[in-house]
1. So for the pair residue 28, residue 47, with labels modelled 7 Å out along Cα→Cβ, what separation do we get in nm?
2. How long is the gain from residue 99 to residue 62 if the chain were fully straight, where each residue apart is worth 0.36 nm and the alpha carbon distance is subtracted?
3. So, in nm, how far is label residue 72 from label residue 37 when the simple model puts each one 7 Å beyond its Cα toward the Cβ?
4. Divide the volume of the convex hull of the Cα atoms of segment 40-94 by its number of residues and quote the answer in cubic angstrom per residue.
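FYI, it's all coordinate maths here, none of it is from the lab. Computed from a predicted structure; not experimentally measured. Cβ placement follows ideal geometry from the backbone for every residue including glycine, while neighbour counts extend to all protein chains displayed.
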Amino acid sequence: APTEREQPPAPEGFGTTEDLEGLRASAANTLTVCQDINMSGPCMTWSIPDRKCYHIGDAWNDKVSSYEPSGTMFCFLFRDSGCRGGYHGANTRVNSMGDFNDQTTSFQCNV
């Protein structure tokens, strides 16, 4: 089930922040984010290595309204850069992020 917290400790194993440039979607371990609820509007899918923190990039910063991790992967979408601040996390499709709408700046996924 999706979770939201105000000031969490960084989950164990979080890596350094990396740029999303160069990531290509593949069949395994993907994260899809969309600018509108219900996985609609402009969407982007990235292939995500395990336990690395990514800045979502200027084009997507504070614009995510729904997201879906693939398979059993659990993803955390953070309010601040460096995978810090409040976060929203799930291992299933999230059609609406509620109060966390349009607040994602960085994210990390764990397989």
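1. Modelled inter-label distance: 1.0 nm.
2. Numbers: separation 37, 0.36 × 37 = 13.32 nm, distance 1.24 nm.
Result for the pair: 12.1 nm of gain on full extension.
3. 3.2
4. On the way: hull volume 4.9 nm³, N = 55.
Spread over its residues, the Cα hull of segment 40-94 gives 89 Å³ apiece.
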